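Chemist: Quick one: the structure is below, questions incoming.
Values quoted throughout were computed directly from the atomic coordinates according to the rules given, and no laboratory measurement underlies them. Just so it is clear, the structure is predicted and the values come from calculations on it, not from any experiment. So basically every Cβ, Gly included, is an ideal-geometry build from the backbone, and we count neighbours across all protein chains shown.
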Amino acid sequence: MTINLIFRIAAVGILVSVLNQILKQSGREEQAFLTTLAGLILVLFWIVPYISELFEIIRNLFTL
C-alpha cells in the first residue's frame, strides 16, 4: 500500500508540474499557482494519516 501511495504522489507531482508549465507559458500565473496549491493539499490529505500513525507509534514507544 505504501508503494502505491508513493506512485500516486509521483503521478500528482508530474501532472502538477506539466500543468504548471503549460499555464505559465500561456500567461495564467494565478491558475498555475492554484494548481500547485491544489496538488499540495491533495498530497497532504493522503499523507496526514500516516504522519498521525507515526506520532502515535512514537508516543507509545516512549511511554514504556
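Chemist: Cβ contacts < 9 Å: first residue farther than 13 Å from I9 by Cβ, restricted to region 30-48; second residue among the small types (G, A, S) and in a helix (DSSP H, G or I), any location; separation 6+ or different chain. Result?
Modeler: As it stands, the answer is T36/S17, since those pairs meet every condition given.
Chemist: Quick check on my filter: what residues within region 8-64 are among the acidic types (D, E) and surrounded by 10 or more Cβ atoms within 10 Å (Cβ to Cβ)?
Modeler: E29, E53, E56
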